[in-house]
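Q: My questions all concern the structure below.
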Amino acid sequence: MDLRFKEAAVTKRFYISLLATTLVICALLTINQYLMVSTNTGSPVTNKGDISLSNYSPVVVKAEHISYLTENSSINTNDLLNSTLGQWKTIESKHLSLGRRDMAIWYRIPIKNTNATTINQVLEIQWPNLYSAELYRYNTNLLSYAVQHRGLSTQPIPNRTSSPTPAFYFTLAPHESTVLYLRVKTSYFQYVPMTFWAETLFQQQLQSKIIIYSLCFGALSAMLIFNLFLFLKLRSKTYIFYSMYILSINFYQLCVTGYGQNLLWFNNIPLKLISYELSVYLGFLFCNVFIRYFLHLKRNLKRVNSILIIYWSMATLSLLMGYSIPQQVSEIVAALSCIIALFTGYYLFIRGYRNALYFCIAWVFLTLSAIALLLMVIGFLPYSPIIEYGQMMGFVTAVLTISLALAGNLHVERLHRIVAQEKALQLEKQVSNERAAKLAAHKALLKAQDEQNALLEQKVIHRTHELEFLAHQLETANQQLSEISLTDPLTNLNNRRFLDQNLEMVSKSATRANSTLSMLLIDIDHFKNINDTYGHLAGDTCLVKIAGILKKHINRATDSIARYGGEEFAIVLPGTHEKDLVIIAEALRKDVADSHVSFNGHKIKLTVSIGCATVRPSEFIPPDCLIALTDKALYRAKNNGRNRCECSFTL
């Protein structure tokens, strides 16, 4: 069994082991993250309304803790920072989501250090896809506001452990109270889930997050590499498009989690600004292309799938060229894509297509995790690490589920291959038996032949004369066969093979004697019309007639006539100069023009075109040169009206 089927035999166990290990570890780490945030929130609000911070537990910022203000052109930053509380509004939603906002939003966050020691705090916004996030804090020493910049339009934080989400570092003196002003601008939903962390706790949860995402990205990357390997082995389009889909999922998750913006393309601001939207477009594009081949779509389903592929391709190209399609349109098409994909999978499943079941299971995981994340972003659900990591684990589960289906395909193909191999072995065995029988018969034949040879050896003396006579007959037959192989059966002239051999021989003789060598090429004019009008038997009669005329004019022993091919004849004339050659050619042409052929009551007139050439052969002028010159002269005769002679000479 070859390598690809050995790999297919362990594929299912590999997928199941990878799925179980990844999901168990990620689930444990996610629960740990959830417990860290939900059970250790401290006492978030003091009697004065300030958020109480400490070094011992994180504090989740809730909507009732803060107020907000929408920025407009009539309010500058200094006026806004010094404005009274009456201008600030409370957040009506239970969660920190204000929906889609085009203008920047300011958040007012009062905080207090309840400890008797200085604390180092980190304010984390647990949503990375913000155009800009700026934190303002009043500096009593400089009598002005210090500002920290985060978001897609800024560079990563220097000299800090890289965080995939916007994180602002600050210090509070013992029992210090202050107000933080956070300015957030985004082209997507105004979603700003915030948590205050002690810096040491923040680094710990950051390490847990890195482990979770490393496992998930590792599982997806393993699937990517494995399916690329299968594509290289099997050359199936399904595997290459599935690999591209997994790659687009990795790209999307790098954008959603913030690791792509912060670690991979952190210096490329234009790419950071479009990366999230681009990852969504590429994900839907390669998903639809993969569905096309994985589910073997036909007819109407294939047409709908083609429309979606065209839309997502155009959306991707327009975004790369700087023209973004309205987000509302893409959101509607994305929802339709999900619904159509689920309907397609269910429809094919009830029609009996086995792979559609795996697809439906995978798509349900993806859809549920995506809906949960969307509800969290628009404010219907509170922020939760389970929902945040749920989409990634949904992708991992979906990818591995579909991979199980592909592994099933490999298993079926492997069974078919085994059956085919068994049939091939049976056929080989049958052939082997037949070969053994033939060998036995051959051995018996050899034995009989040896016996016959022994009898022949005993009679060899008595049959010497008979064998000599047979040898003489064989020599005569070989000579006749040689003559037949060099003779054209229709005209009884020499054929092209004889011409090539003879031309080589007389060329060498002319080279040694430093003498001339001439050649004529004769072509019957309009011979095809004769065949088409009177039939091929008439054409054969014309060929025999021309051959007879040539034999009448060429009678030197050194000269040779051959049928060159079709309606063409060649004459080689050693030692003939150009003047004599022209005389011979004209005599031939005139004799043919004066003759005719009678066939079935028809009188067929004949004319020929003749090419003439004379060379003095040498090592630099081979026989092929003479043929080429004669052929060119013949074509000139044809092009100049036929029934004429044209010459080419090179001495």
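Q: What does the charge count near VAL431 come to, summing +1 for each Lys or Arg and -1 for each Asp or Glu among other residues with Cβ under 13 Å from its Cβ? Before the final figure, lay out the partial values.
A: Details: positive: LYS423, LYS429, ARG435, LYS438; negative: GLU428, GLU434.
Here the charged neighbours net out to +2.
Q: Now for a separate question. How about LYS603: which lysines have a C-alpha closer than 24 Å to its C-alpha, ignoring those fewer than 8 places off in the same chain?
A: In chain and number order, the partners are LYS528, LYS545, LYS551, LYS552, LYS590, LYS638.
Q: For ASN531 paired with GLN204, estimate the spin-label separation in nm (one decimal), with each label point 7 Å from Cα along the Cα-to-Cβ line.
A: Using points 7 Å along Cα→Cβ, the separation is 9.8 nm.
Q: Ok, one more. Taking square-rooted eigenvalues a ≥ b ≥ c of the alpha carbon gyration tensor, is the range 225-410 rounded, prolate or oblate, where a/c under 1.5 means rounded and, failing that, a/b exceeding b/c means prolate? Could the numbers behind the result be given before it?
A: Values: a/c = 1.43, a/b = 1.38, b/c = 1.03.
Rounded, since a/c falls under 1.5.
Q: Let me ask something additional. Pulled fully out, how much extra length does the chain show between ARG642 and LEU375, if you take 0.36 nm times their separation in residues and subtract their Cα-Cα distance? Working shown, then result.
A: Details: separation 267, 0.36 × 267 = 96.12 nm, distance 9.08 nm.
Difference between extended and current length: 87.0 nm.
Q: If you don't mind, another one. Run down the lysines and flag those whose C-alpha is under 27 Å from the C-alpha of LYS62, throwing out any fewer than 8 positions away in its chain.
A: Output for LYS62: LYS48, LYS89, LYS94, LYS112, LYS185, LYS209.
Q: While we're looking at this one, here's another question. Under 5 Å between amide hydrogens, which residues at least 5 positions from THR607 or on another chain qualify, with H placed 1.01 Å from N in the peptide plane?
A: Under 5 Å from the amide H of THR607: ASP525.
Q: While we're here: Could you give the length gained by full extension between ALA441 and ARG496, i.e. 0.36 nm per residue of separation minus their alpha carbon distance, to one decimal place? Intermediate results must be reported in sequence, preceding the final value.
A: Values: separation 55, 0.36 × 55 = 19.80 nm, distance 4.53 nm.
Going from the current span to full extension adds 15.3 nm.
Q: Restricting the count to DSSP beta bridges whose residues both fall in the range 496-649, what percent are antiparallel, rounded to a multiple of 5? Each step should come with its number before you reach the end.
A: Working: 25 of 30 bridges.
In the range 496-649, approximately 85 percent of DSSP beta bridges are antiparallel ones.
Q: Spelling out what I want: for every residue of the range 55-72, take phi, set θ = phi - 60°, compute 6.51 cos²θ - 1.76 cosθ + 1.60 (Karplus), and round to whole Hz; glycine and proline get x.
A: After applying 6.51 cos²θ - 1.76 cosθ + 1.60, I find 8, 10, 8, x, 10, 7, 7, 9, 4, 6, 7, 10, 10, 9, 8, 7, 6, 9 Hz.
Q: Using a simple spin-label model with points 7 Å from Cα along the Cα→Cβ vector, what separation in nm is obtained for LYS551 and LYS632?
A: Distance between label points: 3.5 nm.
Q: Shape of the range 317-398 from its Cα gyration tensor (a ≥ b ≥ c, root eigenvalues): rounded if a/c is under 1.5, otherwise prolate when a/b > b/c, or oblate?
A: Working: a/c = 2.24, a/b = 1.22, b/c = 1.83.
Judged from the Cα gyration tensor, the range 317-398 comes out oblate (a/c at least 1.5, b/c at or above a/b).
Q: Among PRO623, ILE610, THR541, which residue has its Cα furthest toward the positive end of the charge dipole of the range 539-651, with +1 on Lys/Arg Cβ and -1 on Asp/Glu Cβ?
A: THR541
Q: Determine ³J(HN,Hα), in whole Hz, for all residues of the range 434-448 in sequence, where each value follows from phi through the Karplus function 6.51 cos²θ - 1.76 cosθ + 1.60 and θ = phi - 60°; x replaces Gly and Pro.
A: Result, ordered by residue: 5, 5, 5, 5, 5, 5, 5, 5, 5, 5, 4, 5, 4, 5, 5 Hz.
Q: On to the next question. Using a 10 Å cut-off on Cβ atoms, rank the peptides 209-220, 172-183 from the highest mean neighbour count down.
A: Values: 209-220: 19.1, 172-183: 16.9.
In descending order of packing, they fall as 209-220, 172-183.
Q: If you don't mind, another one. Calculate the spin-label point distance for TRP88 paired with ILE350, positioning each point 7 Å from the Cα along the beta-carbon direction, and give it in nanometres.
A: So the two model labels end up 5.6 nm from each other.
Q: Next question, about the same structure. What is the local net charge at GLN327, summed over the other residues whose Cβ is closer than 11 Å to its Cβ (Lys, Arg +1; Asp, Glu -1)? Write out the running numbers ahead of the final one.
A: Working: positive: ARG100; negative: GLU277, GLU331.
Counting the neighbours of GLN327, the net charge comes to -1.
The numbers here are math on the coordinates, done by the rules we state, and not lab data. No experiment lies behind these values; they were computed from the predicted model shown. Counting neighbours? That spans all protein chains shown, and the Cβs are built from the backbone with ideal geometry, glycine included.
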